[in-house]
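Here is the structure we will look at, set down as structure tokens.
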Amino acid sequence: MLFPTSTFAIFFLIVLPLSWLTMPKVHRWRPFILVASYVFYSWWDWRFIFLLAGCTLWNQLLAVRIHRATTQAQRKLLLTVALIGDLGVLGYFKYYDFFISSSQNMATIVGLQLPFSLRTIILPVGISFYTFMAISYVVDTYRGDFVPTTLEKFAVYLSFFPHLVAGPIVRPGELIPQLSVPRNPRRVDTSRAFYLIATGLFKKVVIANYLASHIVDQVFGAPTQHSSLEILIGIYAYAVQIYADFSGYTDIAIGLALLLGFTFPRNFDSPYAALSLQDFWRRWHMTLSRWLRDYVYIPLGGNRKGTIITYRNLMLTMLIGGLWHGAGWTFVVWGGIHGTGLAFEHWRRDRPGYVEPPDTRRRRITSRLITFNVVCVAWVFFRADSFPRAWEMLTGLFTGWGQASPLVTGSVLLAIAVGIGSQYLPARFPTRLMERFGRLPVVGQAIVLAFALMLTNTMGPEGVAPFIYFRF
């Protein structure tokens, strides 16, 4: 069930008023929203609701056992069992074919034949996201940062439909306490919610879908048939597409949660205005970045065990982040590029006698240009379906100048400019816009919202493509 569809609109128009009626009494609201979330999830494939339910029962059981364990050895053993179960299920559905095919290729090189065969395994929507949230729950319990809640609250936390299929990755401490507090429908921040939903729809339906259908899909589908200029603009267009697509989804998800009375953490903060790769990862998919930092990088040792170990930890964290995004070596290379870049930035700052250059406008522009283009080179591997296709994209940047470039149109350039330029607006601009929208009378808000939706529908291509991060 996609957010920008009539099916979801009907679903939400039923759920919202019933949610507002029941939210003052949380003991009624929680069972209702749990059923609604399972209906939402079952729309793709009803069989996977049993996987979600199994994940819920497994992690609740182990979290309670960890909390009640009397010795550190017992707690560590139970945590290991929980993680093996979570990562084992994720590995089977997402990585089985990847590891089997990779192992077979390696075995063939050395003249061996492995007795394993590939299987056609359907990837459950959102499994990477709710698995990571479940891991947060048991790990936070193990660390003593969170006390296990009831099965009902944990089930709602894991399945709450605004974040279920593509995040943001919400920590237990960020959402579960909200599930115990009665909500007042009259205090719902509807103006901010509608603003986020409208801007999210515009990003997705107009910017992301337009760039995908008018240049990105053609260029990445057959790079050798396009000029260097088309490839260059296609790479920049994909950078804007994936940002508009994913941040648009996040805006909609946060807005829907707000309408239901709940607050989610931010997931994007103008990532293409970053001054370094480290800065980029503080702004891009921030809930995943923090998850990788707190549950992978720091447990590996962070930067506490010397320079070489720090480089190793940065690289391993980003390689795991790349593999989390997709079962393919191109995703591993994408993570490796970011890991190498982060390690290089760390090395440059930690050199003996290094002095930070003065913060000038010229230095900021240079840093942003370098960072953005490194990110774009990495996006080539993220988007390409194979290494040969990625190589064709990169070599095509140098071999086809002077050829006709019909895909590079004014509207494509405008969409790219809007997608990147919007990230350089003053930080207070969106807040002020929301405040002004909120001060309008209800009729005025309805008119503005209706106009925005009509404009989005008119400007967007026919049909709605699935969100990019649905497949992760």
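The values are calculated or read from the model by the stated rules, or taken from the named source; none is laboratory data. Just so it is clear, the model here is predicted, and its values are computed rather than measured. We place every Cβ from the backbone using ideal geometry, glycine too, and count neighbours over all the protein chains shown.
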- Can you name the residue in the range 334-392 that is crowded, with 16+ Cβ neighbours inside 10 Å and among the acidic types (Asp, Glu) and, of all such residues, is farthest from residue 216 (Cα to Cα)? 345
- Message: I'd like to check something: does the range 57-69 contain any residue that is outside any helix (DSSP H, G or I) and either modelled with pLDDT of 90 or more or in the same structural domain as residue 162 (by TED's automatic domain parsing) (or both)?
- Response: yes
- Query: Of all residues in the range 436-447, which are surrounded by 12 or more Cβ atoms within 10 Å (Cβ to Cβ) and either hydrophobic (A, V, I, L, M, F, W, C) or in contact with a Lys or Arg (Cβ under 9 Å, 6 or more places away or on another chain) (or both)?
  - Reply: 437, 438, 440, 446, 447
- Would you be able to say whether some residue in the range 26-41 is small (Gly, Ala, Ser) and touching a residue at least 60 places away in the same chain (Cβ under 8 Å)? yes
- Query: Which members of the range 368-394 meet the condition of being modelled with pLDDT of 95 or more and among the polar types (S, T, N, Q)?
  - Reply: 371, 373
- Query: Condition test on residue 87, is it touching a Lys or Arg at 6+ places or on another chain (Cβ under 6 Å) and either under 25 Å from residue 246 (Cα atoms) or surrounded by 15 or more Cβ atoms within 10 Å (Cβ to Cβ) (or both)?
  - Reply: no
- Message: Looking for something at pLDDT below 90 and in contact with a Pro (Cβ under 7 Å, 6 or more places away or on another chain) - is there at least one such residue anywhere in the range 13-21?
- Response: no
- Scope the range 10-26; condition within 19 Å of residue 188 (Cα to Cα) and part of a helix (DSSP H, G or I); matching residues: 12, 13, 14, 15, 16, 17, 18, 19, 20, 21, 22, 26
- Message: Tell me whether the range 83-92 contains one or more residues that are out of contact with any Leu (no Cβ under 8 Å at 6 or more places or on another chain) and over 22 Å from residue 167 (Cα atoms).
- Response: yes
- Message: Suppose the filter is out of contact with any strand residue (DSSP E or B) (no Cβ under 6 Å at 6 or more places or on another chain), surrounded by fewer than 19 Cβ atoms within 10 Å (Cβ to Cβ) and either at pLDDT 95 or above or not in a helix (DSSP H, G or I) (or both); does residue 146 pass it?
- Response: no
- Query: Checking residue 327 against (1) in a helix (DSSP H, G or I); (2) of a type outside the set (Lys, Arg); (3) closer than 29 Å to residue 93 by Cα; (4) in contact (Cβ under 8 Å) with a residue 24 or more places away in the chain, which test does it fail?
  - Reply: (1)
